[in-house]
Amino acid sequence: MSASGFAFETVAEDGPARAGVLTTRHGQVLTPTFMPVGTQGSVKTLTPAEVEATGARIVLANTYHLWLRPGAEIVAELGGLSAFTRWPHTTLTDSGGYQAFSLAERRTLSDDGFVFRSHLDGSKHLLTPEEAMRVQGLLGSDIAMQLDVCPPAGAPREEVEAAVEQTTRWARRSLAARRPEQAVFGIVQGGLHVDLRVRHAAELGELPFEGLAMGGFSVGEPIEEMHRVLVEVAPSLDKRRPRYLMGVGTPRDLLLAIGAGVDMFDCVLPTRNARNGQAITRSGAISIKQAQYKNDPAPIDEACGCPCCRLGYSRAYLRHLFLSGEILVLRLLTQHNLWLYGELVQKAREAILRHEFAAFARSYIEPR
Ligand SMILES: [Zn+2]
């Protein structure tokens, strides 16, 4: 085992789908797995024990936000993310590049990195591949991500090609700047061009990354296009390493990607949508605000084992809480949505172990 304590083992395969075990200094993560997003070092509205109860054993934290506030040095001084946030399991940090590009003001991209101004106080920062590794090292996550260049949806092929090349140069610089106790994942770009993505996956596969991610999906392209590219590209990523699909998606997206051999996911959808009053169910999402629920005695989902459904909170009560601005409903809906995602990946894993994944995916998408 390496200094990072990182290991990945596939325990079963069912077509391209696989069930695995990922090990870090903070324990084991069964894959496929879904990572709830803890943007500011907190999965919004929930305690670590409540996050753990949804089945999650790994969470994602955003480097950009924690770098600017409270500052990576402060997190390091307080023992790193795990000690600071009291999340005892594995943590992954992103590189900060995506937020530096999408949230910050007056950002410019050069071969060295991103220059941007903080969305909080306007202060000027330079995010280079080395700086992204230094900051993630201070944050002390188990898994760090390389800084990459993610072109917008619809970018011309030349721009996507340039982003791929720059991401490879930054991949080498990231690895040269890594800390031995941290695992590092590379990021495959290439937009909707299968040939570019497959070539990039092979290039990054030559480098000593512990895992490989696919970035630049779910950036506004039609969902069928993403699915088409994903099923072709995912199996081309080195099968000995975990494959991580960044920022995706709906339960349907997850099933499709698991079927193509993806092991790890993160997405703000279940938590953010919960705070907007949306409950995700196997037969689609429902908006608890709607008038049709004003006297509905049923829980969100009779078959769900989450605290919200198990305690029998009615749709009518949840709607009342939401319209009254009560914090409780945000907690309950977040728990429900993360429970659904946790159960989805757990059941997918069990189906892969039984070699019945395709049938499971079909029954999940068209339930009962
Ligand atoms: Zn529930």
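The values are calculated or read from the model by the stated rules, or taken from the named source; none is laboratory data. Computed from a predicted model, the values in this text were never measured in an experiment. Neighbour counts are summed over all protein chains in view; Cβ atoms, including those assigned to glycine, are modelled from backbone coordinates with ideal geometry. Side chains are part of the model used for accessible areas, which takes the heavy atoms of the whole protein and leaves out ligands, DNA and RNA. Shrake-Rupley method; radii C 1.70, N 1.55, O 1.52, S 1.80 Å.
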Review point. Which one of the conditions (1) over 26 Å from LEU269 (Cβ atoms); (2) modelled with pLDDT of 95 or more; (3) out of contact with any strand residue (DSSP E or B) (no Cβ under 8 Å at 6 or more places or on another chain) does ALA7 fail to meet, given that it meets all the rest?
Key: (3)
Check your understanding: Considering only residues of the stretch 281-307 that are of a type in the set (A, V, I, L, M, F, W, C) and closer than 18 Å to ALA53 by Cα, which is farthest from the ligand (Cβ to nearest atom)?
Key -> ALA303
Exercise for review: Residue by residue through the stretch 178-197, note down the ones that are buried (at least 19 other Cβ atoms within 10 Å of the Cβ) and within 30 Å of GLU77 (Cβ to Cβ).
Suggested key: ARG178, GLN182, ALA183, VAL184, PHE185, GLY186, ILE187
Review point. If the Cβ limit is 7 Å and pairs must be 6+ apart or interchain, which residue in the stretch 348-368 that is assigned to a loop (DSSP other than H, G, I, E, B) pairs with which residue that is surrounded by fewer than 21 Cβ atoms within 10 Å (Cβ to Cβ)?
Key: HIS355/ASP14; PRO367/ARG282; PRO367/SER283
**Study point:** Verdict on THR334 being surrounded by 19 or more Cβ atoms within 10 Å (Cβ to Cβ), polar (S, T, N, Q) and within 13 Å of the ligand (Cβ to nearest atom)
**Key:** yes
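Which residue out of ARG319, ARG310 is open to solvent by 10 Å² or more (accessible area, probe 1.4 Å) and either within 13 Å of the ligand (Cβ to nearest atom) or of a type in the set (S, T, N, Q) (or both)?
Selected residue: ARG310, the only one of ARG319, ARG310 that is open to solvent by 10 Å² or more (accessible area, probe 1.4 Å) and either within 13 Å of the ligand (Cβ to nearest atom) or of a type in the set (S, T, N, Q) (or both).
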Review point. Which residues, taken from the stretch 99-126, are in a helix (DSSP H, G or I) and either open to solvent by 40 Å² or more (accessible area, probe 1.4 Å) or in contact with a Cys (Cβ under 9 Å, 6 or more places away or on another chain) (or both)?
Key: PHE101, SER102
Review point. Are any of the residues in the stretch 260-278 without any contact (Cβ under 8 Å) to a residue 40 or more places away in the chain, open to solvent by less than 10 Å² (accessible area, probe 1.4 Å) and either not basic (Lys, Arg) or not in a helix (DSSP H, G or I) (or both)?
Key: no
Review point. Taking the stated definitions as given, is LEU328 without any contact (Cβ under 8 Å) to a residue 40 or more places away in the chain and over 28 Å from the mean Cα position of the chain (by Cα)?
Key: no
Practice item. Evaluate the following for LEU340: is it open to solvent by 40 Å² or more (accessible area, probe 1.4 Å) and either within 11 Å of the ligand (Cβ to nearest atom) or at pLDDT 95 or above (or both)? Key: no
Revision key, fill the gap. Residue pairs qualifying under the 8 Å Cβ cut-off, at least six apart or on distinct chains, with the first in the stretch 300-323 being over 19 Å from GLU343 (Cα atoms) and the second being open to solvent by less than 20 Å² (accessible area, probe 1.4 Å) and away from the ligand (no atom under 14 Å from the Cβ), are ARG315/TYR293; ALA316/TYR293; LEU318/TYR293; ARG319/TYR293; PHE322/GLY277
Study note, to complete from the structure: Scanning the stretch 127-152 for residues that are among the acidic types (Asp, Glu) and assigned to a helix (DSSP H, G or I), the one surrounded by the fewest Cβ atoms within 10 Å (Cβ to Cβ) turns out to be GLU130
Revision key, fill the gap. A careful count of residues in the stretch 153-170 that are open to solvent by less than 80 Å² (accessible area, probe 1.4 Å) and within 13 Å of ALA201 (Cα to Cα) gives 3
Check your understanding: Quick one: would you say ARG252 is closer than 27 Å to VAL184 by Cα and either within 16 Å of the ligand (Cβ to nearest atom) or open to solvent by 20 Å² or more (accessible area, probe 1.4 Å) (or both)?
Key -> no
Review point. Looking only at the stretch 249-259, which residues are assigned to a helix (DSSP H, G or I) and either more than 16 Å from TYR364 (Cα to Cα) or of a type in the set (Val, Ile, Thr) (or both)?
Key: ILE258
